[in-house]
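To keep things clear, I will list the structure first and then write my remarks on it.
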Amino acid sequence: MIYPMKRLTTRAAALATALALTVSLAACNNVADTSQSSSVTVETEEATPVTPEEAVEAQPLTYPMTLTDQAGRTVTIESEPQTIVSGYYISSSLLIALGRADRMVGIEAKADTRPIYSLSAPELLELPSVGSAKEFDLEGCAALEPDLVILPLKLESAADSLTELGIPVLLINPEDRTLLAETITLVGQATNAVEAADDLLAFTQEQQTRLETTLADADRPDVYLAGNSDLLSTAGSAMYQSDLIDLAGGRNVAEDITDTYWVDIDYEQLLAWDPDYIILASDASYTCDDVLNDANLADCTAVKNGNVYQMPGDAEAWDSPVPGGILGAVWLSTVLHPDLCSADEANAVMGSFYENFYGFTYPLA
């Protein structure tokens with residue numbers, strides 16, 4: 001099937017909207033009086049609206065704390081978490097960036113396949129595995145007796161089971177720029193790492209603004225981003241990868257696809273889109289040469305012009321909504337617009353990010 005070629009308007013994913021996360025902080029005292037609960041909505045003398053992040057800054061975090069996670073669940077955390085289980089690579093990476101890796105007591109499966117851990121917090125590779133979204137180890141997780149568990153949205157049933165055992169669980173769903181910013185804010189509040197979360201969001205906002213300003217008047221080439229398992233798998237407008245292309249000054253040829261997960265297409269569709277660039281996922285099981293030598297794509301503009309590239313993945317997969325996902329857009333902008341975005345500037349941005357938030361030097365030697 002060939003999807004319609006109608007062009008959609010790019011979604012406005014302003015970071016300020018992302019930070020409008022519903023949060024309430026219960027007053028910490030010895031009296032069981034719910035009337036003492038405090039809200040993050042703060043009124044000034046002139047009744048000027050106050051954003052959630054400003055309110056949290058003005059009012060120090062206290063426990064017990066009640067948060068609304070990204071599944072809409074109300075989660076109460078009795079005291080500042082000292083032991084945390086992360087069953088999702090995105091939250092694990094985020095906890096490192098927030099300075100909370102030393103509190104982790106359990107981690108998702110296949111942690112040894114993610115370079116970011118060995119580069120920034122190798123001790124995490126020694127932690128017990130709690131499995132994956134497909135095979136989550138509920139008993140193993142509960143046995144660790146964590147103060148807080150962070151899981152992907154797919155594991156809502158496991159979250160409910162752990163909650164029944166008295167273990168607070170946050171479900172996160174960082175599937176686009178807005179939701180990723182919400183995730184960072186939420187985890188920063190839950191773990192009392194608001195300042196670090198603000199720093200991370202500020203870095204992302206700075207690069208987003210820089211790219212938007214630099215590429216405001218640039219022509220937007222058509223880009224096809226291929227999945228890790230198959231060239232004929234791609235991400236539509238509802239996914240983080242589409243935001244990445246947009247920020248880098250391109251247009252996602254699959255923007256009319258509204259699925260919230262990777263979608264399989266066929267050669268007919270790819271040739272109909274005829275992208276100017278084909279970008280492979282950082283952990284693709286095939287190579288750029290495989291694509292360039294694919295006889296089925298001989299008439300594709302990207303292939304004819306040699307514009308087939310693979311997203312770097314030597315630190316982490318920038319084509320996924322990790323805390324450093326903005327670096328995927330920074331890198332891609334140098335591919336799509338080398339006259340406006342230099343590789344030297346991109347490397348400086350990447351180096352600053354990993355030095356400040358992960359404590360290692362990038363690019364890797």
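The values are calculated or read from the model by the stated rules, or taken from the named source; none is laboratory data. Only a predicted model underlies this, so the values are computations on that prediction, with no experimental measurement involved. Cβ sites come from the backbone with ideal geometry, for glycine too, and all protein chains shown count toward neighbours. Note: accessible area is taken over every heavy atom of the protein model, side chains too, but ligands, DNA and RNA are not part of it. Shrake-Rupley method; radii C 1.70, N 1.55, O 1.52, S 1.80 Å.
A Förster radius of 51 Å combined with the Cβ-Cβ distance from Thr62 to Ala272 puts the calculated FRET efficiency at roughly 0.35. Here the average projected area of the convex hull drawn through the C-alpha atoms of the stretch 287-365 stands at 6.1 nm². Compute the label zone of Tyr286 within the stretch 305-344: residues whose backbone N is under 20 Å from the point 7 Å along Cα-to-Cβ. Counting only backbone N, you get 305-313, 319-320. Estimated at 0.36 nm per residue, the fully extended path between Thr258 and Arg73 surpasses their Cα-Cα distance by 64.1 nm. Radius of gyration (Cα atoms) of the stretch 226-365, expressed as a multiple of 2.2 N^0.38 Å: 1.05.
Extension gain for the segment Gln82 to Phe360, taken as residue separation times 0.36 nm less the Cα-Cα distance, is 97.6 nm to one decimal.
Listed values for the stretch 115-125 are Karplus-derived 3J(HN,Hα) couplings in whole Hz (6.51 cos²θ - 1.76 cosθ + 1.60, θ = phi - 60°), namely x, 4, 6, 5, 7, 10, 8, x, 5, 5, 5, and x replaces Gly and Pro. Computed 3J(HN,Hα) for the stretch 336-349, one whole-Hz value per residue from the Karplus formula 6.51 cos²θ - 1.76 cosθ + 1.60 where θ = phi - 60°, is 7, 9, x, 6, 10, 10, 7, 5, 4, 5, 4, 4, 5, 5, glycine and proline marked x. For the pair Asn296 and Ala348 in one chain, pulling the backbone fully straight at 0.36 nm per residue adds 14.9 nm over the alpha carbon distance.
The stretch 283-308 and the stretch 154-215 have Cα centres lying 35 Å from one another.
Loop-located trypsin sites (Lys or Arg not before Pro) in the stretch 62-168 (DSSP state other than H, G, I, E, B) with a sparse environment of at most 11 neighbouring Cβ atoms within 10 Å: Lys110, Lys134.
Here the translational diffusion coefficient of the stretch 161-291 follows from Stokes-Einstein with Rh set to the Kirkwood radius across Cα pairs; for 25 °C and 0.890 mPa s it amounts to 145 µm²/s.
Counting only protein heavy atoms and a 1.4 Å probe, the stretch 178-277 has 35 square angstrom of accessible area per residue.
Counted by Cβ distance under 15 Å from Pro81, the other residues give a net charge of -4, where Lys and Arg count +1 and Asp and Glu count -1.
In straight-distance terms, cross-link reach from Lys110 covers every one of the aspartates and glutamates whose alpha-carbon lies under 18 Å from its own, apart from those fewer than eight places away in the same chain; here that gives Glu123, Glu126, Glu135, Asp137, Asp283, Asp314, Glu316. Neighbours of Glu164, meaning other residues whose beta-carbon lies under 14 angstrom from its beta-carbon, give a summed charge of -2 when Lys and Arg score +1 and Asp and Glu score -1. Summarise the accessible area of the stretch 57-127 (1.4 Å probe, protein heavy atoms) by the percent that is carbon and sulfur. Looking at the stretch 57-127 in its full context, I get 48 percent from C and S. Highest mean first, the peptides 187-200, 341-354 sorted by other C-beta atoms within 10 Å per residue fall in the order 187-200, 341-354.
Residues whose amide H comes within less than 5 Å of that of Thr83, counting only those at least five positions distant or on another chain, are Asp147, Leu148 (H built at 1.01 Å from N in the peptide plane).
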